[in-house]
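Enquirer: Before I ask anything, let me first share the structure, which is written out below as structure tokens.
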């Protein structure tokens, strides 16, 4: 095909994107893209799948000996793997290994094809489930972290106003009172602990005396 | 296919984590609300003073014009807190008689010791541990803590009951007992080593 033809195809493509091609022009495009891929210039190849008809795909049939070839290669791979594993195995457990490696070759002819198709049919469902899980999870986290109801402080049930300096002062005094009280109680307990310490010391003395 | 399974797995893990997280949160809330319920029962009743302060207010403390050192200490302690609840029952009321003298009147609406016992029994034992209990004459003091990991106190409860008053204080957040004990008695360093022992408990 000449260079001119490619330009024409380009023009037709543009028309096609605009949705302004006639049936004839579309047929032209189809014809162009359904030829052997080698005749289509590189820059036009991305559009090929759009115009390739089912017939063109149907032409891509599996060659008659495909299945036999496939099985042969599969078995060859299996044998290779078996050899590898038996090579790795030491003399002492070589017997066990050969038994173990023999087992998969027997079951090999029918790989887990039906199982796979079931799993495959579940993919869309699984992706939906995954999305849902993510969504639910994020909602849980979101609602879990935003629980505060905007209340800043209350004294005797009265909500304090942040902007009121007097209220702030009140809140601060209450906080200070609580902390000082905690402090003083901790400190009195320390004094008690001191007595305990004396008790400990005296018991230590008694113990050491007993030992003597 | 593998990537899909991976996404699904991550999704499940994520959900489990978040559920765990919310469970933990709600259980914390349940336990706090158990204390909160008691707190609320007496809030607003005659003779009681209740205070609840949130971290939002603590943030504002930092902006306040505070001159004295003690106030600064309060601000620095409060920085790591997530809330303070205070409930005080004062059995004494001060009134002035005709001559202008202050008189102390016993209200006797509640018995502070009974309140102390009631509150002590209502504290969920699986959540809070006794830190120290002091019985001195007619005064009962009990400190309880909730630790997230050994040595890290995440909630501190203090109950004080004597014939004249009952006090319940709950501090939530990261609590450093040493800093609190320093407050208001910066001169009294004596005995701090005992507190160090307490903290390693």
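Enquirer: Inspect all residues belonging to the stretch A:134-146 and state whether any of them is surrounded by 11 or more Cβ atoms within 10 Å (Cβ to Cβ), modelled with pLDDT of 80 or more and more than 37 Å from the chain's Cα centre (by Cα).
Expert: No - not one qualifying residue is present in the stretch A:134-146.
Enquirer: Moving on to the next point. Only residues that are farther than 23 Å from residue B:35 by Cβ and modelled with pLDDT under 85: list them for the stretch B:74-93, please.
Expert: B:92, B:93
Enquirer: If only one of A:194, A:169 is surrounded by fewer than 17 Cβ atoms within 10 Å (Cβ to Cβ), farther than 20 Å from residue B:39 by Cβ and either modelled with pLDDT of 85 or more or more than 7 Å from every other protein chain (Cβ to nearest Cβ) (or both), which one is it?
Expert: Details: A:194 fails: either modelled with pLDDT of 85 or more or more than 7 Å from every other protein chain (Cβ to nearest Cβ) (or both).
Just one listed residue meets the conditions, A:169.
Enquirer: Here is a further query. Looking at the stretch B:46-56, can you tell me whether even one residue there is farther than 30 Å from residue B:105 by Cβ and at the interface with another protein chain (Cβ under 7 Å from one of its Cβ atoms)?
Expert: yes
Enquirer: Yes or no: residue B:83 under 19 Å from the mean Cα position of the chain (by Cα), over 27 Å from residue A:159 (Cα atoms) and in contact (Cβ under 8 Å) with a residue 40 or more places away in the chain? Give the derivation first.
Expert: On the way: under 19 Å from the mean Cα position of the chain (by Cα): yes; over 27 Å from residue A:159 (Cα atoms): no; in contact (Cβ under 8 Å) with a residue 40 or more places away in the chain: yes.
No; evaluated as a whole, the condition is false for this residue.
Enquirer: Could you go through the stretch B:151-161 and let me know if any residue there is surrounded by fewer than 20 Cβ atoms within 10 Å (Cβ to Cβ), at pLDDT 85 or above and assigned to a loop (DSSP other than H, G, I, E, B).
Expert: The answer is no, given that none of the residues of the stretch B:151-161 is surrounded by fewer than 20 Cβ atoms within 10 Å (Cβ to Cβ), at pLDDT 85 or above and assigned to a loop (DSSP other than H, G, I, E, B).
Enquirer: Out of curiosity, is residue A:63 more than 31 Å from the chain's Cα centre (by Cα), at pLDDT below 75, at negative phi and surrounded by 11 or more Cβ atoms within 10 Å (Cβ to Cβ)?
Expert: no
Enquirer: Follow-up. Identify the single condition in (1) within 20 Å of residue B:153 (Cβ to Cβ); (2) surrounded by fewer than 16 Cβ atoms within 10 Å (Cβ to Cβ); (3) at pLDDT below 80; (4) more than 9 Å from chain A (Cβ to nearest Cβ) that residue B:29 does not satisfy, given that it satisfies every other one.
Expert: (4)
Enquirer: Taking the condition exposed (fewer than 14 other Cβ atoms within 10 Å of the Cβ), modelled with pLDDT of 80 or more and not in a loop (DSSP other than H, G, I, E, B), does residue B:197 pass?
Expert: The answer is no for residue B:197.
The values are calculated or read from the model by the stated rules, or taken from the named source; none is laboratory data. Note that the structure is predicted; figures quoted are calculated from it, not measured. FYI the Cβ positions are ideal-geometry reconstructions off the backbone, even for glycines, and counts take in every protein chain you see.
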